[in-house]
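All remarks here apply to the structure that follows.
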Amino acid sequence: MRLALGISYNGQAYQGWQSQLSRQTVQDQLEAALGKFTAQKVSTLCAGRTDAGVHGLMQVIHFDTDLVRPTASWVRGTNAFLPPDIAVEWAQVVPTEFHCRACAQSRRYAYILIESTVRPSIDAGRVGWVYRPLDGQAMRQAAAYLIGEHDFSSFRAAACQALTPVKTLQRIEISQRGAYWRFEFEANAFLHHMIRNIMGGLIAVGQHKHPAEWMKKILLARDRTVAAPTFSPNGLYFLGPRYAPHWGLPERTPAFDGLP
């Protein structure tokens, strides 16, 4: 049967999602735990790979297995072998035609940023940080230039392996609660470092280093060298993919309620 799992994790201790020789990745930890639980080798596919230091609130993975157990057993049993900063949130049997990556209609991220004259302590590693005030209206005006289908080469990392830089950015929502800013992104897919590179530009506009129209110039240039530096991964959270309703998969986990 094919099984889908929803995974949450704190990415601070890991070199991203994708398996590496170091074995210090979320995928390596998950597959090791699944192997101990099933006494079989398990290979997983994910909905969207995350970089070193990036967190996941609902990464979705799938794999095939001939081991039949209740879905609650998959959750509890796998979690028993996982480190405390990674957890299986849910498990669900899905049709064999389901593919966690190919069936995703969009992917969602949030970036949490604290505006403070003092660096974060309790939130260290879990939020980005700026010490200069931000202009929310200017950032929203800049973000509006990015909505739609565009060539995002100016926001693409040199190591990006995507076949095309053309992506459809469906929404960017920017909100503030006290000292915390929340930037939420949704697109059909994202390029390597795309959000962190966009964040660098939005923050430059928000601190009045550039006007909002600068974001349009960066986009049209299709040149990474004209854009702002890549921003910190600390406050970036993969909120997970969206699927068509007929798959019956959750859209959120309890961890969503913990973000500002």
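What's log10 of I(q)/I(0) for the chain at q = 0.17 Å⁻¹, Debye sum over Cα points only, no solvent?
Debye intensities relative to I(0), on a log10 scale: -1.31.
Can you find, among 13, 180, 197, the residue sitting farthest towards the positive end of the charge dipole of the chain, where Lys and Arg contribute +1 and Asp and Glu -1 at Cβ?
Projecting each Cα onto the dipole axis, the largest value belongs to 197.
When the helix-only estimate is applied to the chain (DSSP H runs of n ≥ 4, each -39,500 (n - 2.57), divided by the residue count), what is the mean residue ellipticity at 222 nm, nearest 500 deg cm²/dmol? Write out the running numbers ahead of the final one.
Details: 5 runs with 52 residues, N = 260.
It comes out at -6000 deg cm²/dmol, rounded to the nearest 500.
Could you work out the relative contact order of the range 106-237, using alpha carbon pairs under 8 angstrom and six or more residues apart, expressed as a whole percent? Walk me through the intermediate numbers first.
Values: 279 pairs, mean separation 47.1, N = 132.
Normalised by residue count, the contact order of the range 106-237 is 36 percent.
Enumerate the aspartates and glutamates that residue 41 could reach by cross-link, defined here as Cα to Cα under 16 Å, with residues fewer than 8 away along the same chain left out.
Hits, sequence-local ones excluded: 28, 31, 64, 66.
Counting only Cα, what are the radius of gyration and maximum Cα-Cα distance Dmax of the range 106-237, in Å?
Rg then Dmax for the range 106-237, in Å: 13.9, 41.
Name the residue from 58, 4, 79 whose Cα lies farthest towards the positive end of the charge dipole of the range 2-101, charges +1 on Cβ of Lys and Arg and -1 on Cβ of Asp and Glu.
Value computed over the given set: 79.
Taking the beta-carbon count within 10 Å as an exposure proxy, list 172, 147 from fewest neighbours to most.
Numbers: 172 20, 147 13.
In order of increasing Cβ crowding within 10 Å: 147, 172.
Would you work out the relative contact order for the range 173-229, in percent, from Cα pairs under 8 angstrom that are 6 or more residues apart? Write out the running numbers ahead of the final one.
On the way: 31 pairs, mean separation 15.2, N = 57.
Computed value for the range 173-229: 27 percent relative contact order.
Sort out for me the Cα centre separation of the range 1-52 from the range 154-189, rounded to whole Å.
23 Å
Please identify every one of the trypsin sites (Lys or Arg not before Pro) in the range 158-224 that sits in a loop by DSSP and has no more than 12 other beta carbons within 10 Å of its own beta carbon. Walk me through the numbers before you get to the answer.
Numbers: sites: 167, 171, 177, 182, 196, 209, 216, 217, 222, 224; in loops: 209, 222.
For trypsin sites (Lys or Arg not before Pro) across the range 158-224 that sit outside H, G, I, E and B with at most 12 neighbouring Cβ atoms in 10 Å, the list reads 209.
Helix 194-206 versus the longest principal axis of the chain: what is the Cα-based angle in degrees, 0 to 90, to the nearest 10?
On a 0 to 90 degree scale, this one is about 30.
Under the rule a/c < 1.5 gives rounded, and otherwise a/b versus b/c splits prolate from oblate, where does the range 1-112 land using the Cα gyration tensor? Each step should come with its number before you reach the end.
On the way: a/c = 1.66, a/b = 1.21, b/c = 1.38.
Verdict is oblate for the range 1-112.
All of the numbers you see were taken from the coordinates with simple rules; none came from a lab. Fair warning: this is a prediction, and the values are worked out from it, not measured in the lab. Here the Cβ is made from the backbone with ideal geometry for all residues, glycine too, and neighbour counts use every protein chain on show.
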